[in-house]
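Asks: Let me begin by handing over the structure; questions about it come next.
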Amino acid sequence: MNISFLDNWRRKHGAAPGASALSSDDPAARETDQSGIAELLSECQLLRSQAAVSGVELDDSESSLQALDQLVPRWRDDPEVLPWLGNDAGLYLGTVIVRTVPGAHWVIASDDQPVVELDSGREIDVVEMGHTWAETGTPELAHLYAEVSED
């Protein structure tokens, strides 16, 4: 699934596919850029609205991932909603990782998809994980988070 706003961001800021989304050598500029990217990717409005209807508040914590894992997956009945919700679930998982795992940050992979890169250099395709979770319910988001946070 293409995320067109990333293309617009890349044109404006000059980040090349496969490169870190933060190309500046200035640490202050890099922190500002990373903050803007994190904010943009954390919106996940469809997922947040589905969760709110079920009484789940998404506060960017590991416990909110556990709560999402417990939702009744009504979205699986709607083939139009499923891919969008999977995308949001992946971006939300990435948001929780970036905000809670030291050194984790967003980068744009060579396929123009946002991925989370850990301090170890490992890239996590959270969008793909979100699609799998939305379609099948496994692996659970909280389990994926636990696995990544141990890396």
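The values are calculated or read from the model by the stated rules, or taken from the named source; none is laboratory data. Since we're looking at a predicted model, the values are computed, not measured. Cβ placement follows ideal geometry from the backbone for every residue including glycine, while neighbour counts extend to all protein chains displayed. Accessible surface is based on the protein model in full, side chains and every heavy atom, while ligands, DNA and RNA are left aside. Shrake-Rupley method; radii C 1.70, N 1.55, O 1.52, S 1.80 Å.
Asks: Taking segment 63-99 as the search range and keeping residues that are of a type in the set (G, A, S) and surrounded by 16 or more Cβ atoms within 10 Å (Cβ to Cβ), which one is farthest from R122 (Cα to Cα)?
Replies: Checking each candidate, the answer is A67.
Asks: Search segment 49-62 for residues being assigned to a helix (DSSP H, G or I) and without any contact (Cβ under 8 Å) to a residue 24 or more places away in the chain, and hand back the single one that is least open to solvent (accessible area, probe 1.4 Å).
Replies: A51
Asks: Among what's in segment 108-142 and is β-branched (V, I, T) and buried (at least 18 other Cβ atoms within 10 Å of the Cβ), pick the residue that is modelled with the lowest pLDDT.
Replies: Here the answer is I108.
Asks: Sort through V107, V98 and tell me the only one that's closer than 19 Å to E39 by Cα and assigned to a helix (DSSP H, G or I).
Replies: V98
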